[in-house]
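Participant: Please see the structure below; I have some questions.
The values are calculated or read from the model by the stated rules, or taken from the named source; none is laboratory data. All of these numbers come straight from a predicted model, not from anything done at the bench. Using ideal geometry, Cβ is built from the backbone for each residue, glycine included, and neighbour counts are taken over all protein chains shown. Quick note on the areas: whole protein, heavy atoms, side chains included, nothing else; ligands and nucleic acids left out. Shrake-Rupley method; radii C 1.70, N 1.55, O 1.52, S 1.80 Å.
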Amino acid sequence: MKAQPELYRDAMRVLQETSRTFFIPISYLPAGLQETVAAAYLCMRAIDEIEDHPYLQPQVKHDVLQAIRSQLRMNSGREEFLSVIEPWKQLLPEVTVRLYDWIELCPQPVLPQVLEATALMAGGMADWSLKGWQIQTEEDLNQYTFYVAGLVGLMLSDIWAWYDGTKTDQLLAVAFGRGLQAVNILRNSKEDSERGVTFFPEGWEYDDMLQYARHNLSLADLYIEDLQPGPVLHFCQIPLALAHATLDALVAGKEKMSRAAVHEVVNQVLGESR
């Protein structure tokens, strides 16, 4: 087992390699909270990489995710997790292969909530793997975005409560994650279409998904209105501001925000929080 400081450095490196959106706000969190949120996010990202994998067959994804779900629920040891991943180890990214490392990095008092949220995500993604991600209705879209992103919002709320007693509205927490995911769907819609995938319900046009994203981001705005000044509010403001700015860029005809635009948004949030 790696020493905790070395494991923490690994976690931050892998986080930076896998998510620009979350690395930025996590990097500004204070010690203690920073490694907790990083570990929890990496647990969920490990699951997500299985669901998104371009070469694994749907039945394999389902079976691996369900097996991981069971191990998470039992809080199994390293060998049990490795035995699930071993047949596919060469195909999977580091963030997934090292799932147990991220579990070890997470503080024990909040670990049960992280394990349960990740288990729910794994089970939901397993089901969607067999469905072929066929989203026909808005209800389907809500279910899908709950499992891939709404659960992130709920897990973060559990971490806030553990850290400093912050209380949040669960429905708004789900909307927070759902809004960020809807922005990702819009941002990646052209690329998804080129590979024959769509997350738009039947009959929906781009503007319908845009409205869905804006609605959920407006609920996310309400979510952060109830947060007290401090690291929790600071953390939530950054991805939310980036999501709003990304929508504005998409509406303006840009494929994504430039790095300079991202830094400008982050600096603005940092300036307002001082």
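Participant: Of all residues in the range 89-116 being among the charged types (D, E, K, R) and over 17 Å from Asp10 (Cα atoms), which is modelled with the lowest pLDDT?
Facilitator: To start, the set of residues in the range 89-116 that are among the charged types (D, E, K, R) comprises 89, 94, 98, 101, 104, 116.
Checking the rest, the ones that are also over 17 Å from Asp10 (Cα atoms) come to 89, 116.
Numbers: Lys89: 93, Glu116: 97.
Per the criteria, the residue is Lys89.
Participant: Does Val174 count as within 19 Å of the chain's Cα centre (by Cα) and in contact (Cβ under 8 Å) with a residue 60 or more places away in the chain? Working first, answer last.
Facilitator: Values: within 19 Å of the chain's Cα centre (by Cα): yes; in contact (Cβ under 8 Å) with a residue 60 or more places away in the chain: no.
No.
Participant: What number goes with the only condition from (1) open to solvent by 30 Å² or more (accessible area, probe 1.4 Å); (2) modelled with pLDDT under 95; (3) closer than 28 Å to Gly196 by Cα; (4) of a type in the set (D, E, K, R) that Asp63 does not pass?
Facilitator: (2)
Participant: Mind checking which helices (runs of 4 or more DSSP H) fall wholly inside the range 167-274 and carry at least 2 residues that are small (Gly, Ala, Ser) and within 19 Å of Thr145 (Cα to Cα)?
Facilitator: Numbers: elements: 170-187, 189-194, 206-225, 231-251, 259-273.
Helices (runs of 4 or more DSSP H) meeting the threshold: 170-187, 189-194, 206-225.
Participant: Further question: Would the range 43-58 turn up any residue that is surrounded by 22 or more Cβ atoms within 10 Å (Cβ to Cβ) and in contact with a Gly (Cβ under 8 Å, 6 or more places away or on another chain)?
Facilitator: Checking the range 43-58: not a single residue is surrounded by 22 or more Cβ atoms within 10 Å (Cβ to Cβ) and in contact with a Gly (Cβ under 8 Å, 6 or more places away or on another chain).
Participant: Output the number of residues of the range 113-141 satisfying the condition of being more than 15 Å from the chain's Cα centre (by Cα) and touching a residue at least 60 places away in the same chain (Cβ under 8 Å).
Facilitator: Count: 13.
Participant: To continue, here is another question. Can you name the residue in the range 1-15 that is open to solvent by 10 Å² or more (accessible area, probe 1.4 Å) and modelled with pLDDT of 90 or more and is also nearest to Gln237 (Cα to Cα) among such residues?
Facilitator: Of all residues in the range 1-15, those open to solvent by 10 Å² or more (accessible area, probe 1.4 Å) come to 1-6, 8-10, 12-13.
Adding the requirement that they be modelled with pLDDT of 90 or more leaves 6, 8-10, 12-13.
Details: Glu6: 29, Tyr8: 24, Arg9: 25, Asp10: 26, Met12: 20, Arg13: 23 Å.
Per the stated criteria, the residue is Met12.
Participant: On the basis of being within 22 Å of Val37 (Cβ to Cβ) and at pLDDT 95 or above, does Leu242 make the cut? Working first, answer last.
Facilitator: Numbers: within 22 Å of Val37 (Cβ to Cβ): yes; at pLDDT 95 or above: no.
No.
Participant: Is the range 90-105 home to any residue that is assigned to a helix (DSSP H, G or I) and farther than 20 Å from Glu17 by Cβ?
Facilitator: As a first pass, look at the range 90-105 and keep what is assigned to a helix (DSSP H, G or I): 94-97, 99-105.
In the following step, the residues that additionally are farther than 20 Å from Glu17 by Cβ were identified as none.
There is no residue in the range 90-105 that is assigned to a helix (DSSP H, G or I) and farther than 20 Å from Glu17 by Cβ.
Participant: Only one residue in Thr36, Thr18 is of a type in the set (S, T, N, Q), farther than 29 Å from Gly132 by Cα and either at pLDDT below 95 or surrounded by 13 or more Cβ atoms within 10 Å (Cβ to Cβ) (or both), so which one is that?
Facilitator: Details: Thr18 fails: farther than 29 Å from Gly132 by Cα.
Exactly one residue qualifies, and that residue is Thr36.
Participant: Another question, if that's okay. Of all residues in the range 66-77, how many are open to solvent by less than 80 Å² (accessible area, probe 1.4 Å) and either closer than 24 Å to Ser19 by Cβ or part of a loop (DSSP other than H, G, I, E, B) (or both)? Quick ask: steps written out before the conclusion?
Facilitator: Pass one, the range 66-77, residues open to solvent by less than 80 Å² (accessible area, probe 1.4 Å): 66-72, 76-77.
Those left that are additionally either closer than 24 Å to Ser19 by Cβ or part of a loop (DSSP other than H, G, I, E, B) (or both): 68-69, 71-72, 76-77.
Counting residues in the range 66-77 that are open to solvent by less than 80 Å² (accessible area, probe 1.4 Å) and either closer than 24 Å to Ser19 by Cβ or part of a loop (DSSP other than H, G, I, E, B) (or both) gives 6.
Participant: Can you find even one residue in the range 248-259 that is in contact (Cβ under 8 Å) with a residue 12 or more places away in the chain, within 30 Å of Ala161 (Cβ to Cβ), open to solvent by less than 40 Å² (accessible area, probe 1.4 Å) and not acidic (Asp, Glu)? Even if it seems obvious, please write down each step before you answer.
Facilitator: Kept after step one, since they are in contact (Cβ under 8 Å) with a residue 12 or more places away in the chain, are these residues of the range 248-259: 249-251, 255-257.
Pick out the ones that are also within 30 Å of Ala161 (Cβ to Cβ) and you get none.
Among the residues of the range 248-259, not one is in contact (Cβ under 8 Å) with a residue 12 or more places away in the chain, within 30 Å of Ala161 (Cβ to Cβ), open to solvent by less than 40 Å² (accessible area, probe 1.4 Å) and not acidic (Asp, Glu), which makes the answer no.
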